[in-house]
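Taking it in order: structure first as structure tokens, then the write-up.
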Amino acid sequence: MIDVLSEAVNKVSTGNFDYTIPYDSDEKINKFVESFNSMIQALKKRIEDLAILKEKYHNLYDQSLDMCRIVNADNVILECNKAYAGALGYTKEEIFGKNIFEHDSEDSIPVHLEIIESWKKHGKVLNREIWFKRKDGSTFPVLLSSNGIFDRNGKLVASNTIIRDITDIYDARKKIEENEALIRKQYEELKQMEQLKDEFASMITH
């Protein structure tokens, strides 16, 4: 029976969850066999459920409209979704294993370094603005939020980051600033015209 059990354990350890121990003529042994076989079937069901859950999570992650990436403590990209790769003009295979700073505009690198230090200190960052650089060299503004991924000892080992393209918001903000600047200019011109009018009226009355 020990040999049979050892063979069963070896089969299961290699992923053969369809293997079952054959029943014996001994009733006591059969109770053990039934318990063992039931345990293997429960383990098989658990693994299948986890595989389905993993697939659902991966599809949700990969199909997200927001850009997503997972980065380790050395700033290396471990995973990203389709939106992230597409926004930057790369394939996912071109991105895996790359340093995050390769996707930053040069002006944003100092800001990003400060964001990373804040992440390491607090375990998360929220709504920090930087500029990304596409494969073709063009840049665009993004809003970055990260939370920490910890190991079983509580050590911060990676970050899960959500990134949103805020080009529309940036363009709208820039337009508002331009309009405000134009209004201030027109106001100053109006004040000068009022002053000139007052000076002209004063000259006439004297």
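We did not get these values from a lab; they are worked out from the coordinates using the rules stated. Every value quoted in this text rests on a predicted model; they were computed, and no experiment measured them. In this analysis, Cβ positions are derived from the backbone assuming ideal geometry, glycine residues included, and neighbour counts consider all displayed protein chains.
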Whether segment 33-157 is rounded, prolate or oblate, judged on the alpha carbon gyration tensor where a/c under 1.5 counts as rounded: prolate
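So which of Lys98/Lys121; Lys92/Lys174; Lys121/Lys175; Lys98/Lys155; Lys44/Lys82; Lys45/Lys82 end up more than 29 Å apart, counting from Cα to Cα?
Working: Lys98/Lys121 23 Å; Lys92/Lys174 32 Å; Lys121/Lys175 36 Å; Lys98/Lys155 23 Å; Lys44/Lys82 32 Å; Lys45/Lys82 31 Å.
The answer is Lys92/Lys174; Lys121/Lys175; Lys44/Lys82; Lys45/Lys82.
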Long-range HN-HN contacts of Ile130 with modeled amide H, under 5 Å: Val142, Leu144
Karplus (6.51, -1.76, 1.60) ³J(HN,Hα), θ = phi - 60°, over segment 87-97, in Hz, Gly and Pro reported as x: 5, 8, x, 10, 8, 4, 5, 6, 8, 4, x
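Let's see if you can work this out: charge +1 on each Lys and Arg Cβ, -1 on each Asp and Glu Cβ, no other charges. What is the dipole magnitude of segment 60-180 about its Cα centre, in debye to the nearest 20?
Its charge dipole is roughly 480 debye.
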Segments 58-70, 163-175 sorted - mean Cβ within 10 Å per residue, highest first: 58-70, 163-175
